[in-house]
Each structure stands twice: as C-alpha cells, then as structure tokens.
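Right, one structure below, let's go through it.
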Amino acid sequence: MIDSQQHIIGLVFYPGMTSLDIIGPQQVFSGLPGVQIHRIWKTLDLVKTDDGMMVLPDTTFDNCPRLDIICIGGGIGQAVVEDDPDLLAFLRNQGSTAKFITSVCGGSQFLAKAGLLKGYRAATHWAARPQLAALGVQVGTERVVIDRNRITGGGVTAGIDFGLTLASILYGEEIAKITQLLIEYNPAPPFDTGSPEKAGAELVEKAMLFMQGMMPAPVVVN
C-alpha cells in the first residue's frame, strides 16, 4: 500500500560539495509519489560543486518550509563551510522538527557539528571516519546506517543505497524495489576495490595521497 502522505524533503547544496552525494538520492526521491523536493542554500545563486557542476538552488534558508526530511552531503570543499554558523543554525532548526535527519558521505560531520548526532551512530566516507569519530559519533562502516530517525549513507555512491533505504521506510519495500528497477541500479563494478576493507592497505595509502594531490600522474601504456 502506497503512503498517500506528502513528504517534504530538503536537500542542502553548498559550494565545494560532491554533486553525486545529493544527486543520487534526488534521483531516487524524484520518482516517489507525493514528494516535494527543495534544493536549499543560503541564496538562489548558482552553487559550484567539487567536480565543476553548477547547481541552481530553488529555496533559501529563510524561505524554507518545515521539512519532513533534511539531507546534506559531503565534499572536498566542505571544510570551508562546515562551521558556517548560518548553515549549522539552519540544520539545528530544521532538525528539531524533521521526521528524518539524514546525510550522505561527509555530510554527517555537518550534522555532528550541529549537535544532531549526539548519542547516535552514523556513516560517512571511509576517509572521514576519524574526523567523525573525533566529533563524538559512533562510526558505522555499513553503506547505510539507521539509528532511530537518523539515516546516514557512506561515501558518494552510497547515496543511492541511502535513497532506496529511505524510500522503503516511507513507502514500503515494493515501491523501493520498483524505483531501483526504474533507475536500473544494478551495480557490477569492474573492480572490487570500493571500500578500504576490500582495496587493501597499499591501495588505500595511494588513494589518500591521490586525494591530497601528492600522487604522481599515472603512466598510461597504449
């Protein structure tokens, strides 16, 4: 049975975020019945993500309605804004009444800094687990962590898993399965290195160097 209630979802965008963190869940949510999605930032100016994509918000902190679900992602540039007082105040305000407080990737650090993960377990990108733990959060290594009304996804692509998980909570498993089929989410990665546990210590070390801009350019042999 489909839930006929309308769900108001707020997706927070900000400069330097990773676009797929939020675009993945948005794709899932956009196909659900009775969903109203707000793409939120301080202003309605274009937001440039860390991969160069330009996103146009349609809602500001000031004119945002009360949200049933609030979600924020992470990104290479999140350190610049994760202590922003206006953003943290917005998260606290909406989090005080939202039915579900959620994040993808490093977005859980925003929730923690807003005081919304105290006493909760949460997921984040594997490279950000120490930072999240330092904020007093019990860190889970699953793709999606559910702790009461806090639902958090791991890094980047886990946003799709997160979106489908939330869809099943809101509308039931059948609707979530139909949604997964419609977006043909049928992962078959060419390499089994999508987590540090699978990749091994040597590749993890190289990935960390790569993120820090210290990895030499690869040599491609034709």
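The values are calculated or read from the model by the stated rules, or taken from the named source; none is laboratory data. Please read these numbers as outputs of a predicted model, since none were measured by experiment. Please note: Cβ atoms are built from the backbone with ideal geometry, for glycine as well, and neighbour counts cover all protein chains shown.
Before moving on, here are some points about what is shown:
- Complete set of residues in region 24-41 that are surrounded by fewer than 18 Cβ atoms within 10 Å (Cβ to Cβ) and more than 22 Å from E173 (Cβ to Cβ): Q36
- Within region 186-197, considering residues that are surrounded by 11 or more Cβ atoms within 10 Å (Cβ to Cβ) and either among the small types (G, A, S) or assigned by TED's automatic domain parsing to the domain that holds F162 (or both), the one farthest from A127 (Cα to Cα): G194
- Only one of the listed residues (R143, R121) is within 30 Å of D86 (Cβ to Cβ), among the charged types (D, E, K, R), touching an Asp or Glu at 6+ places or on another chain (Cβ under 7 Å) and surrounded by 13 or more Cβ atoms within 10 Å (Cβ to Cβ). That residue is R121.
- Residue in region 159-182 that is crowded, with 16+ Cβ neighbours inside 10 Å and in a loop (DSSP other than H, G, I, E, B) present: no
- Region 132-174, residues that are within 14 Å of the chain's Cα centre (by Cα), farther than 16 Å from K99 by Cα and of a type in the set (S, T, Y): T157
- Candidates G136, G159, G154, G140 - the one that is of a type in the set (G, A, S) and touching a Pro at 6+ places or on another chain (Cβ under 9 Å): G159
- Some residue of region 71-81 being out of contact with any Leu (no Cβ under 9 Å at 6 or more places or on another chain), closer than 21 Å to S168 by Cα and surrounded by fewer than 16 Cβ atoms within 10 Å (Cβ to Cβ): no
- Within region 33-52, the only residue that satisfies the criterion of being basic (K, R) and either touching a residue at least 60 places away in the same chain (Cβ under 8 Å) or in a loop (DSSP other than H, G, I, E, B) (or both) is K42.
- Residues located in region 200-213, provided they are small (G, A, S) and either assigned to a loop (DSSP other than H, G, I, E, B) or within 16 Å of T157 (Cα to Cα) (or both): G200, G213
- Failed condition for I151, given (1) outside any strand (DSSP E or B); (2) surrounded by 13 or more Cβ atoms within 10 Å (Cβ to Cβ); (3) modelled with pLDDT of 95 or more; (4) at negative phi: (1)
- Within region 92-109, being touching a helix residue (DSSP H, G or I) at 6+ places or on another chain (Cβ under 6 Å) and aliphatic (A, V, I, L, M) holds for I101, V104.
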